[in-house]
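Heads up, the thing below is written out as C-alpha cells.
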Amino acid sequence: MNIMHFIPNNFDLNLLIVFSALYKHRNVSHAAESLFISPSAFSHALNRLRSALQDPLFVRVDGEMKPTKIAEKIAPAIFDSLEILSTQLFNNEEFDYKKSSYKFSIAATEYTIFSILPSLIKRCRTLAPNISLKIIHESRENSFKNMQLGKIDFTIGYSEQVEELPKDLESFKCFKDKYVVVAPKGKYQSINLEEYIQANHIRINAWHEHNGIIDQSLKKIGLKRNIVVELPNIMSSPYLIEGSDLIITLPYKAAIVLQDFYSIEFFELPFRVPEYQVNIFSVKQDELNPAQTWLINQIKDLNWQ
C-alpha cells in the first residue's frame with residue numbers, strides 16, 4: 001500500500017472544516033456560528049487557509065462569500081476527504097432508540113403541535129421511552145436558520161402554496177387540510193360570503209404574517225374582512241367566540257378538536273382558499289444524524305388520514 005502524501009507538516013486539517021462551513025453558508029458569521037467559534041477566529045483560520053493554498057478562495061460578491069475558481073475545483077475533494085475521515089474515524093454507533101436519551105428540539109406552531117404531537121408522543125413513548133421532545137415557537141425564518149446551524153432538529157410548519165426552500169433544506173408532507181369558519185353555536189344556519197365579510201373576525205398570527213392566505217384570497221376578489229382581535233395562537237380563541245359575535249377561520253382538523261370542548265360549530269368557507277398543508281422541514285436527508293433519521297421515519301409511518 002502506498003501511504004505517501006504531500007501534505008505539509010504544519011498544515012492544519014481543521015482548516016478544511018472552515019472551508020466546508022463557508023462553502024455551505026456563504027457568510028462568515030453563519031459559518032463561524034455553525035462551528036461554535038467567533039467570527040474573528042473564523043476569519044483568522046480562513047486567512048491561514050488562503051495563505052497555505054495561495055488563493056483568496058472566497059470573495060464577497062453581492063453580500064455573499066462566493067467561492068473562487070480554485071475553491072470550486074478543490075471543493076469536491078475536500079468534501080470527500082472530510083466524509084471519509086468522519087465515517088471511517090469518527091463514525092458514531094448506530095442509533096439505539098430503545099436506549100437513547102436523545103433530546104429532540106423542534107420548532108412548531110400551536111396548531112401543528114396538537115395535530116401531530118399526540119400521535120408522535122404516543123409512538124415515541126412506546127418505542128423509545130427515554131428520548132424527549134423540546135418544542136419551541138419561533139418565526140419560520142429563524143427556525144430555518146437554526147436548522148441550518150444545527151441548533152434545532154426539525155420544523156413542523158404549514159404552507160398553502162408551493163414555496164421555495166433554502167437550498168440545503170427539504171420538506172415532506174404529513175397531511176392536507178381545508179379551512180372552515182368557526183362560529184358561536186346557534187348563531188348561524190350557514191355562512192355566505194356577505195355574512196362572512198360583515199362579521200367580526202379573530203385572526204391567528206402563528207408565523208407573524210399579518211396578511212395570511214385568508215386575507216390574500218379575499219384581496220384577490222376585492223374584499224376585506226373586519227379583524228377585531230389578533231391572537232398568537234389558537235387555544236384561547238374558543239373562549240372569545242362562545243356567546244359573542246366573533247368568528248374565526250381555522251383548519252378543519254383544529255375545528256373538529258375544539259368543537260368537542262366548546263359551544264361552537266363550523267361551516268364551509270364561502271370562498272376559495274388553497275388547501276392547508278402540514279409539512280416537516282429538515283436539513284437534507286444525507287445530512288441527518290441517525291437519531292433525526294429515525295424520528296423522521298416515525299413521523300412518516302404515522303397515519304395521517
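The values are calculated or read from the model by the stated rules, or taken from the named source; none is laboratory data. The structure presented is a predicted model; accordingly, all values stated were derived computationally and were not measured. Positions of Cβ are backbone-derived with ideal geometry, glycine not excepted, and every protein chain shown enters the neighbour counts.
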In region 222-262, what count of residues is obtained for those that are assigned to a loop (DSSP other than H, G, I, E, B) and closer than 22 Å to D177 by Cβ?
-> 9
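Is it the case that some residue within region 56-68 is in a helix (DSSP H, G or I) and basic (K, R)?
From region 56-68, those in a helix (DSSP H, G or I) are none; that's our starting set.
No, there is no match, as no residue in region 56-68 is in a helix (DSSP H, G or I) and basic (K, R).
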Do we have E265 as out of contact with any Phe, Trp or Tyr (no Cβ under 9 Å at 6 or more places or on another chain) and surrounded by 14 or more Cβ atoms within 10 Å (Cβ to Cβ) here?
-> no
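Do we find a residue being polar (S, T, N, Q) and within 22 Å of the chain's Cα centre (by Cα) anywhere in region 206-213? Outline the logic, then answer.
The first filter runs over region 206-213 and keeps only residues polar (S, T, N, Q), leaving 211.
Applying the additional criterion that residues be within 22 Å of the chain's Cα centre (by Cα) yields 211.
The answer is yes, given that some residue of region 206-213 is polar (S, T, N, Q) and within 22 Å of the chain's Cα centre (by Cα).
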Restricting attention to region 254-262, does a residue exist that is modelled with pLDDT of 90 or more and either closer than 18 Å to L117 by Cα or within 30 Å of the chain's Cα centre (by Cα) (or both)?
-> no
Quick one: count up the residues across region 99-139 that are assigned to a loop (DSSP other than H, G, I, E, B), surrounded by fewer than 16 Cβ atoms within 10 Å (Cβ to Cβ) and over 20 Å from the mean Cα position of the chain (by Cα).
-> 5
Would you be able to say whether some residue in region 290-299 is surrounded by 14 or more Cβ atoms within 10 Å (Cβ to Cβ) and in a loop (DSSP other than H, G, I, E, B)?
-> no
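Only one residue in E209, E138 is over 21 Å from L258 (Cβ atoms), in the same structural domain as M235 (by TED's automatic domain parsing) and modelled with pLDDT under 90. Which one?
Working: E138 fails: in the same structural domain as M235 (by TED's automatic domain parsing).
Sole residue among the options that is over 21 Å from L258 (Cβ atoms), in the same structural domain as M235 (by TED's automatic domain parsing) and modelled with pLDDT under 90: E209.
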Before we move on, is E275 more than 23 Å from the chain's Cα centre (by Cα), under 24 Å from S143 (Cα atoms) and surrounded by fewer than 18 Cβ atoms within 10 Å (Cβ to Cβ)?
-> no
